[in-house]
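A.B. asks: This structure is in structure tokens; I'll ask about it shortly.
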Amino acid sequence: MRSRDDRIETALAWMAEGRKVALATVIATWGSSPRPVGSQLVVDAQGAFEGSVSGGCIEATIITEAQHSIAERRPQRLSLGVSDKQAWDTGLACGGHIEILVENAAPGRAVLERLMVLRKTDQNACLVTQLQTGAKQLIGAEESELRAELPPELRTAVARVHATGDSTLLTTDGQNFFLHGFAPAPQLIIIGAVHIAQPLASMARLTGYRVVIIDPRTAFATVERFPDTEVISRWPAKAFDAIRLHANTAVVALSHSPQLDDPALTRALQSPAFYIGALGGKKTQADRLERLKRAGFSDEQLQRIHGPVGLTIGSTTPAEIAVSIMAEITSVRRRVE
């Protein structure tokens with residue numbers, strides 16, 4: 001899955017080739033807008049482009065304005081409507097309204113290059129743009145000292161972007177800011193190549209997750225059973241050495257075997273993973289928590305484990321259980337109470 005900020009990578013590659021480049025970014029939407037906030041389009045001086053900010057319905061206008069921004073080296077804030085007909089043509093039921101920031105990429109090149117460095121560490125980041133001037137400041141989630149230097153309202157908003165990865169507009173002290181959130185692509189690590197793992201892996205991929213199956217039992221962890229899925233046929237303690245568990249990671253233990261599940265849950269609890277779940281009934285969960293408590297985890301830490309895994313929807317079949325698990329992962333990720 002390609003992440004939202006591929007357009008920034010493209011912009012940097014084009015600038016490295018000597019091309020003059022502009023970036024167009026969706027900074028606000030109303031109604032049935034074709035593309036979400038944070039979507040980007042990269043354009044060069046000749047009109048070549050990649051990405052989308054409107055599903056194709058008003059791209060020509062944006063490309064023209066982007067070329068003006070390249071020539072004039074000033075940011076533009078465009079407010080554009082998407083008509084009912086345009087929206088219908090792009091697969092929507094009704095029109096909407098979008099606000100686009102179009103800017104020459106050259107003045108912020110150094111900031112964008114540092115953003116790419118942060119991406120390699122799977123760190124959440126917030127790119128703060130002062131909309132009147134185009135001035136930019138990049139703050140990584142682990143750069144608390146930079147966040148502490150911000151005015152209180154801006155500091156709080158940046159912290160929220162770090163936590164959620166979402167993007168937002170902010171007006172404070174007479175200034176307008178766009179806070180562009182960047183987060184690693186979501187990944188789901190499944191422990192145990194069991195029957196529930198098959199529909200769960202498919203559903204997770206459809207929802208945009210990179211999926212990894214871990215199971216040393218080669219009879220279970222096969223390409224035939226899990227096509228189009230990364231399968232690691234190693235014990236979790238070794239398999240996790242090759243996986244970076246970041247804040248956009250979900251870990252689900254399905255094997256029902258403490259020898260497989262417990263080491264995986266231990267690594268997950270030591271990580272910033274946003275979701276940890278484990279299959280099994282209430283007694284299995286209680287026994288599991290007792291083992292992990294003896295291993296040194298506190299009650300507060302163990303509360304991170306969702307078990308029995310999945311939302312209570314009366315599921316019985318493997319596919320239904322997978323639906324309940326994916327629904328719970330989604331509700332936690334989207335912070336639905």
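The values are calculated or read from the model by the stated rules, or taken from the named source; none is laboratory data. The structure presented is a predicted model; accordingly, all values stated were derived computationally and were not measured. For neighbour counting, all protein chains shown are included, and Cβ atoms are generated from backbone atoms with ideal geometry for every residue, glycine included.
A.B. asks: Checking the conditions here, which among Val43, Val26 is assigned to a strand (DSSP E or B), in contact with a Lys or Arg (Cβ under 9 Å, 6 or more places away or on another chain) and modelled with pLDDT of 90 or more?
C.D. replies: One residue alone meets the criteria, Val26.
A.B. asks: Right, next: Being closer than 19 Å to Glu328 by Cβ and not aliphatic (A, V, I, L, M) is the filter; apply it to the range 232-249 and report the residue that is surrounded by the most Cβ atoms within 10 Å (Cβ to Cβ).
C.D. replies: Thr249
A.B. asks: Any idea how many residues of the range 303-322 are surrounded by 18 or more Cβ atoms within 10 Å (Cβ to Cβ) and aliphatic (A, V, I, L, M)?
C.D. replies: Qualifying residue count for the region: 4.
Residues are listed down the side, and each one gets a yes or a no for (1) more than 18 Å from the chain's Cα centre (by Cα); (2) under 19 Å from Phe178 (Cβ atoms); (3) aliphatic (A, V, I, L, M); (4) at pLDDT below 90:
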| residue | (1), (2), (3), (4) |
| --- | --- |
| Leu92 | yes, no, yes, yes |
| Gly95 | yes, no, no, yes |
| Val102 | yes, yes, yes, no |
| Pro107 | yes, yes, no, no |
| Ala110 | yes, yes, yes, no |
| Thr121 | no, no, no, yes |
| Cys126 | no, yes, no, no |
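A.B. asks: Could you grab me the full set of residues in the range 37-71 that are free of Cβ contacts under 8 Å to residues at least 24 places away in the same chain and among the charged types (D, E, K, R)?
C.D. replies: Glu59
A.B. asks: Quick test for you: out of Pro199, Pro184, pick the one residue that is in contact with a His (Cβ under 9 Å, 6 or more places away or on another chain) and of a type outside the set (A, V, I, L, M). Break it down into steps so the answer makes sense when it comes.
C.D. replies: Numbers: Pro199 fails: in contact with a His (Cβ under 9 Å, 6 or more places away or on another chain).
None of the others qualify; the one that does is Pro184.
A.B. asks: Let me ask something else about it. Report every pair of residues separated by at least 6 positions or lying on different chains whose Cβ atoms are under 6 Å apart, first residue within the range 317-331 and assigned by TED's automatic domain parsing to the domain that holds His306, second assigned to a helix (DSSP H, G or I).
C.D. replies: Qualifying pairs under 6 Å: Pro318/Pro199; Ala319/Pro199; Ala322/Pro199; Ala322/Leu200; Ala322/Met203; Ile325/Leu200; Met326/Met203.
A.B. asks: How many of the residues making up the range 250-290 are hydroxyl-bearing (Ser, Thr, Tyr) and either under 21 Å from the mean Cα position of the chain (by Cα) or surrounded by fewer than 15 Cβ atoms within 10 Å (Cβ to Cβ) (or both)?
C.D. replies: The number of residues fulfilling the criteria is 3.
A.B. asks: Give me the pairs, please: first residue somewhere in the range 131-152 and farther than 17 Å from Leu170 by Cβ and touching a residue at least 40 places away in the same chain (Cβ under 8 Å), second residue anywhere and in a loop (DSSP other than H, G, I, E, B) and polar (S, T, N, Q), beta-carbon distance under 8 Å, and either six or more positions apart or on two chains.
C.D. replies: Going by the 8 Å Cβ cut-off, the qualifying pairs are Ala141/Gln123; Ala141/Asn124.
A.B. asks: Return the residue satisfying two criteria in turn: it lies in the range 125-180 and is assigned to a strand (DSSP E or B) and among the aliphatic types (A, V, I, L, M), and of such residues it is nearest to Glu113 (Cα to Cα).
C.D. replies: Only one residue fits best here, namely Leu138.
A.B. asks: Residue by residue through the range 62-82, note down the ones that are outside any helix (DSSP H, G or I), in contact with a Leu (Cβ under 7 Å, 6 or more places away or on another chain) and either of a type in the set (D, E, K, R) or exposed (fewer than 13 other Cβ atoms within 10 Å of the Cβ) (or both). Steps first, please.
C.D. replies: Step one: of the range 62-82, the residues outside any helix (DSSP H, G or I) are 73-82.
Filter once more, keeping what is in contact with a Leu (Cβ under 7 Å, 6 or more places away or on another chain): 75, 77.
Arg77, the sole residue that qualifies.
A.B. asks: Considering only residues that are more than 17 Å from Thr249 (Cα to Cα) and in contact (Cβ under 8 Å) with a residue 60 or more places away in the chain, which ones fall in the range 193-220?
C.D. replies: Answer for the range 193-220, where residues must be more than 17 Å from Thr249 (Cα to Cα) and in contact (Cβ under 8 Å) with a residue 60 or more places away in the chain: Val194, His195, Ile196, Gln198, Pro199.
A.B. asks: While we're on this one: Return the residues of the range 12-23 that are part of a strand (DSSP E or B) and either touching a Ser or Thr at 6+ places or on another chain (Cβ under 7 Å) or free of Cβ contacts under 8 Å to residues at least 60 places away in the same chain (or both); say none if nothing qualifies. Outline the logic, then answer.
C.D. replies: Step one: of the range 12-23, the residues part of a strand (DSSP E or B) are 21-23.
If the condition is that a residue be part of a strand (DSSP E or B) and either touching a Ser or Thr at 6+ places or on another chain (Cβ under 7 Å) or free of Cβ contacts under 8 Å to residues at least 60 places away in the same chain (or both), then Ala22 is the only one that fits.
A.B. asks: Do we find that Ala185 is out of contact with any Pro (no Cβ under 9 Å at 6 or more places or on another chain), at pLDDT 95 or above and within 30 Å of Lys238 (Cα to Cα) in this structure?
C.D. replies: No: the conditions fail for Ala185.
A.B. asks: Return a yes/no flag: does the range 327-334 have any residue that is basic (Lys, Arg), part of a loop (DSSP other than H, G, I, E, B), exposed (fewer than 15 other Cβ atoms within 10 Å of the Cβ) and at pLDDT below 95.
C.D. replies: Yes, because at least one residue in the range 327-334 is basic (Lys, Arg), part of a loop (DSSP other than H, G, I, E, B), exposed (fewer than 15 other Cβ atoms within 10 Å of the Cβ) and at pLDDT below 95.
A.B. asks: Just give me the residues in the range 221-231 being within 23 Å of the chain's Cα centre (by Cα) and either surrounded by 14 or more Cβ atoms within 10 Å (Cβ to Cβ) or closer than 16 Å to Val251 by Cβ (or both), in sequence order. Reasoning before the result, please.
C.D. replies: We begin by selecting, within the range 221-231, every residue within 23 Å of the chain's Cα centre (by Cα); these are 228-231.
Selection gives Thr229, Glu230, Val231.
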